[in-house]
There are 2 protein chains.
Amino acid sequence: MQIEVFPTLGGVPDEAINDKVVIVVDVLRTGTTLAVALACGCLDIIPVLSPEEAIEMKGRLGDERVLLGGERNGLKIPGFDLGNSPLEYQRTGMEHKRLIFTSTNGTRALRRASGAKKVVVAALVNAPAVAQAVAAMEGDVSIICAGEREHLSIEDFWAAGFLVRELLKYNDFSLRDGALVARDYQAYRTDPQEVVLEGFQARQLMEQGFGEDIKFCIQIGIIGLVPLYSGGVIRKL
Amino acid sequence: MQIEVFPTLGGVPDEAINDKVVIVVDVLRTGTTLAVALACGCLDIIPVLSPEEAIEMKGRLGDERVLLGGERNGLKIPGFDLGNSPLEYQRTGMEHKRLIFTSTNGTRALRRASGAKKVVVAALVNAPAVAQAVAAMEGDVSIICAGEREHLSIEDFWAAGFLVRELLKYNDFSLRDGALVARDYQAYRTDPQEVVLEGFQARQLMEQGFGEDIKFCIQIGIIGLVPLYSGGVIRKL
């Protein structure tokens, strides 16, 4: 069994999706937000590519439990119930709610991964749980970093390295070059806070006043839950 | 001025090419081979995407000085004069020759980069010279790793980190996330031979009997020459 890490979504080949277990990593903030929503009682999450698609789907579902969540350029979308701040989801009653969600990078990566044997969503808050679950799925693993548009995101790549190291605790995976680099980079830069704050997305979130979100997102392993994306819907594994 | 590193060719956005100084990195082996060819007296090199395009272009040029070089899956292409072994180019008389060249990853990356303000080709053998020349070009720098199909190549990413560190000796560039990661990875893994031999491409080349090529390709700075790709042709800067 093999692990490969794709530092950006662009150019991920079909062979890395088909018959593979795919981990989509999005630390700031979609992966964190979705884990929090499920941990706070949200029944299911439908990731969509655009605000228009979200609104259209809400109309089609005609379900009063549905909330619209997500961001564009880090900010809540006009007319939506929630943005992409995990703290906001913690404060909001998510019990028995259903969520339709769109974000700039995370939901695009999820959609790209559909067609894989299994797709799970990871952030630092649930990385240990994700690694444990994925190791039990017994198959080649593709870790896809959501990134920031076509750019590598330092926090996603660091988290990918963390996942590689965790996965190696359970199985004797072979590592392709992307996984080798991510593992070593993560081993070298041991302080996630220091690393994450160097990155483009963290600097942007700080400017937008989301500093508390960043602090929340770097708490490794505080959520023991694995979001599984299957049939177009994300639910607790 | 800014530096960004793209770990793979897939998904490199137009904004990272247009008006940028682009360094295409291909350590094993295209970047090395092209530097050697020029250092051995080759007049110019035309990179093309396919063997068919190479043969067609040779016919069109009708120039007896033209040699066909390149590889598919690491091996010399049937009917071609040369493969993609830098040692082969060193042995062959390249004085006053012209080269039409195609390789699986390197020439694809070069073609992608056309349209940039400047495009140079880098390998470890000429990385210090490339960094010095690029720093003098005064502009944002995109370092594009040729990689191995859609996968990151450990040796290209390491070389990208080396180039970032070299560039910072000359100018006070700001670093996007890809450049931050490459710089730190390279600083952590100090021995290029150890790193390169872990990678997929080196293992494949070893199996194909190209171990001597790898030893040649990791000699940092033995060639003080910068291949510039302009108007579809590569010449010495």
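The values are calculated or read from the model by the stated rules, or taken from the named source; none is laboratory data. All values reported here derive from a predicted model rather than from experimental measurement. Here the Cβ positions follow ideal geometry from the backbone for every residue, glycine too, while neighbour counts run over all protein chains shown.
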So, in region A:112-147, of the ones that are in a loop (DSSP other than H, G, I, E, B) and crowded, with 24+ Cβ neighbours inside 10 Å, which residue ends up farthest from the chain's Cα centre (by Cα)? A:147
I'd like to check something: does region A:116-126 contain any residue that is out of contact with any strand residue (DSSP E or B) (no Cβ under 6 Å at 6 or more places or on another chain), under 24 Å from residue A:204 (Cβ atoms) and within 12 Å of chain B (Cβ to nearest Cβ)? no
Scanning region B:32-45 residue by residue, the ones that are at negative phi and surrounded by fewer than 20 Cβ atoms within 10 Å (Cβ to Cβ) total 3
Kindly list, by first and then second residue, each pair from a residue in region B:97-124 that is in contact (Cβ under 8 Å) with a residue 24 or more places away in the chain and within 9 Å of residue B:47 (Cβ to Cβ) to a residue that is assigned to a loop (DSSP other than H, G, I, E, B) and of a type in the set (D, E, K, R), limited to pairs with Cβ atoms under 7 Å and residues at least 6 apart or on different chains. B:106/B:26
Restricting to region B:162-183, name every residue that is facing chain A (nearest Cβ under 10 Å) and among the β-branched types (Val, Ile, Thr). B:181
Of all residues in region B:126-169, which are within 20 Å of residue A:175 (Cβ to Cβ) and among the polar types (S, T, N, Q)? B:153
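Filter region A:1-26 down to the residues that are farther than 28 Å from residue A:75 by Cβ and charged (D, E, K, R), then identify the one that is farthest from the other protein chains (Cβ to nearest Cβ). Step through it out loud before you land on a result.
Of the residues in region A:1-26, the ones farther than 28 Å from residue A:75 by Cβ are A:1-5, A:11, A:13-22.
Add one more test, that the residue is charged (D, E, K, R), and what stays is A:4, A:14-15, A:19-20.
On the way: A:4: 7, A:14: 10, A:15: 8, A:19: 16, A:20: 13 Å.
Once the filter is applied, the top-ranked residue is A:19.
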Does region A:184-200 hold any residues that are part of a helix (DSSP H, G or I), more than 7 Å from chain B (Cβ to nearest Cβ) and either touching a strand residue (DSSP E or B) at 6+ places or on another chain (Cβ under 7 Å) or β-branched (Val, Ile, Thr) (or both), and which are they? A:195, A:196
Residues satisfying the stated conditions in region B:159-183, i.e. among the acidic types (Asp, Glu), in contact with a helix residue (DSSP H, G or I) (Cβ under 6 Å, 6 or more places away or on another chain) and surrounded by fewer than 24 Cβ atoms within 10 Å (Cβ to Cβ): B:166
Report whether or not residue B:138 is away from chain A (no Cβ under 14 Å), farther than 20 Å from residue A:6 by Cα and at pLDDT below 95. yes
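Going by what's in this entry, would residue A:186 be described as at pLDDT 95 or above, touching a Gly at 6+ places or on another chain (Cβ under 9 Å), surrounded by fewer than 19 Cβ atoms within 10 Å (Cβ to Cβ) and not acidic (Asp, Glu)? Walk me through how you get there before you give the answer.
On the way: at pLDDT 95 or above: yes; touching a Gly at 6+ places or on another chain (Cβ under 9 Å): yes; surrounded by fewer than 19 Cβ atoms within 10 Å (Cβ to Cβ): no; not acidic (Asp, Glu): yes.
No: the conditions fail for residue A:186.
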Mind checking which pairs have a first residue in region B:214-233 that is over 16 Å from residue B:22 (Cα atoms) and a second that is among the charged types (D, E, K, R), Cβ under 7 Å, 6 or more apart or different chains? B:217/B:29; B:225/B:236
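What about residue A:219, is it within 17 Å of the chain's Cα centre (by Cα), modelled with pLDDT of 95 or more, of a type outside the set (A, V, I, L, M) and within 19 Å of residue A:6 (Cβ to Cβ)? Steps first, please.
Values: within 17 Å of the chain's Cα centre (by Cα): yes; modelled with pLDDT of 95 or more: yes; of a type outside the set (A, V, I, L, M): yes; within 19 Å of residue A:6 (Cβ to Cβ): no.
So residue A:219 does not fit the description; no.
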Identify, by number, the condition in (1) touching a Leu at 6+ places or on another chain (Cβ under 7 Å); (2) within 14 Å of chain A (Cβ to nearest Cβ); (3) of a type outside the set (D, E, K, R); (4) part of a strand (DSSP E or B) that residue B:159 doesn't meet. (4)
Selection within region A:79-91 - free of Cβ contacts under 8 Å to residues at least 40 places away in the same chain and hydroxyl-bearing (Ser, Thr, Tyr): none
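Test of understanding: among A:72, A:29, which residue is surrounded by fewer than 24 Cβ atoms within 10 Å (Cβ to Cβ), under 22 Å from residue A:155 (Cα atoms), more than 14 Å from chain B (Cβ to nearest Cβ) and in contact (Cβ under 8 Å) with a residue 24 or more places away in the chain?
Numbers: A:29 fails: surrounded by fewer than 24 Cβ atoms within 10 Å (Cβ to Cβ).
Being surrounded by fewer than 24 Cβ atoms within 10 Å (Cβ to Cβ), under 22 Å from residue A:155 (Cα atoms), more than 14 Å from chain B (Cβ to nearest Cβ) and in contact (Cβ under 8 Å) with a residue 24 or more places away in the chain holds for just one of A:72, A:29, which is A:72.
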